[in-house]
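In what follows, a structure is listed as C-alpha cells, so that the remarks can point back to it.
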Amino acid sequence: MNFLRYFIPLLFNLYSFLILARVLLSWINVSPYNPIVTFIYELTEPVLRPLRNIIPPIGMLDISPIAALILLQILESIIVSMLNV
C-alpha cells in the first residue's frame, strides 16, 4: 500500500507532463509523423477528445488541456486520500 502512495502521484504527474508537452507541441511546427509526437498524441487524445466535445474552444484557444489538468488533480487527490485511510 505504501508503494501505491508514491506510484499513483508519479503516474498522474507523468500524464500531466504529457498533456503539457502536447500543448507545447501545438505551438511549434513539428511533423505529426515524428514517433515521439505520435506517441504523445495517442496517449493524451483519449482524455482530451471527450473534453473537447463538452468544452467548446474560446476563439482559437482550446481549453480542454486546462480542464484535463484540473480533473487529473482532483482525481489524484481523491485516490491518494482513499489510500491514506
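The values are calculated or read from the model by the stated rules, or taken from the named source; none is laboratory data. Predicted, not measured: the structure shown is a model, and the values here were computed from it. Here Cβ is always computed from backbone atoms with ideal geometry, including for glycine, and neighbour counts include all displayed protein chains. To get the accessible areas, we keep the full protein, side chains included, count just its heavy atoms, and leave off ligands, DNA and RNA. Shrake-Rupley method; radii C 1.70, N 1.55, O 1.52, S 1.80 Å.
What is the residue count in the range 9-27 for residues that are in contact with an Asp or Glu (Cβ under 9 Å, 6 or more places away or on another chain) and without any contact (Cβ under 8 Å) to a residue 40 or more places away in the chain?
The number of residues fulfilling the criteria is 3.
Could you grab me the full set of residues in the range 75-85 that are open to solvent by less than 70 Å² (accessible area, probe 1.4 Å) and more than 17 Å from the chain's Cα centre (by Cα)?
Start the filter on the range 75-85 by keeping residues that are open to solvent by less than 70 Å² (accessible area, probe 1.4 Å), which leaves 76-77, 79-81, 83.
Passing the criteria: VAL80, SER81, LEU83.
Looking only at residues in the range 1-52 that are over 13 Å from the mean Cα position of the chain (by Cα) and among the small types (Gly, Ala, Ser), which one is surrounded by the most Cβ atoms within 10 Å (Cβ to Cβ)?
Only one residue fits best here, namely SER26.
Going by what's in this entry, would LEU72 be described as of a type outside the set (Gly, Ala, Ser), out of contact with any Asp or Glu (no Cβ under 8 Å at 6 or more places or on another chain) and open to solvent by less than 50 Å² (accessible area, probe 1.4 Å)? Step through it out loud before you land on a result.
Details: of a type outside the set (Gly, Ala, Ser): yes; out of contact with any Asp or Glu (no Cβ under 8 Å at 6 or more places or on another chain): yes; open to solvent by less than 50 Å² (accessible area, probe 1.4 Å): yes.
Judged against the criteria, LEU72 is a match.
Take VAL30 and decide whether it is without any contact (Cβ under 8 Å) to a residue 60 or more places away in the chain, outside any helix (DSSP H, G or I) and out of contact with any His (no Cβ under 6 Å at 6 or more places or on another chain). Don't jump to the end; show me each part of the working.
On the way: without any contact (Cβ under 8 Å) to a residue 60 or more places away in the chain: yes; outside any helix (DSSP H, G or I): yes; out of contact with any His (no Cβ under 6 Å at 6 or more places or on another chain): yes.
Against the criterion (without any contact (Cβ under 8 Å) to a residue 60 or more places away in the chain, outside any helix (DSSP H, G or I) and out of contact with any His (no Cβ under 6 Å at 6 or more places or on another chain)), VAL30 qualifies.
Would you point out the residue of the range 53-69, among those that are over 14 Å from ILE19 (Cα atoms) and among the β-branched types (Val, Ile, Thr), that is most open to solvent (accessible area, probe 1.4 Å)? Step through it out loud before you land on a result.
Filtering the range 53-69 down to residues over 14 Å from ILE19 (Cα atoms) leaves 53-61.
Right, trim to among the β-branched types (Val, Ile, Thr) and you get 54-55, 58.
Values: ILE54: 130, ILE55: 42, ILE58: 108 Å².
By that ranking, first place goes to ILE54.
Exactly one condition in (1) out of contact with any Lys or Arg (no Cβ under 7 Å at 6 or more places or on another chain); (2) in contact (Cβ under 8 Å) with a residue 24 or more places away in the chain is not met by THR44; state its number.
So THR44 meets the others, but not (1).
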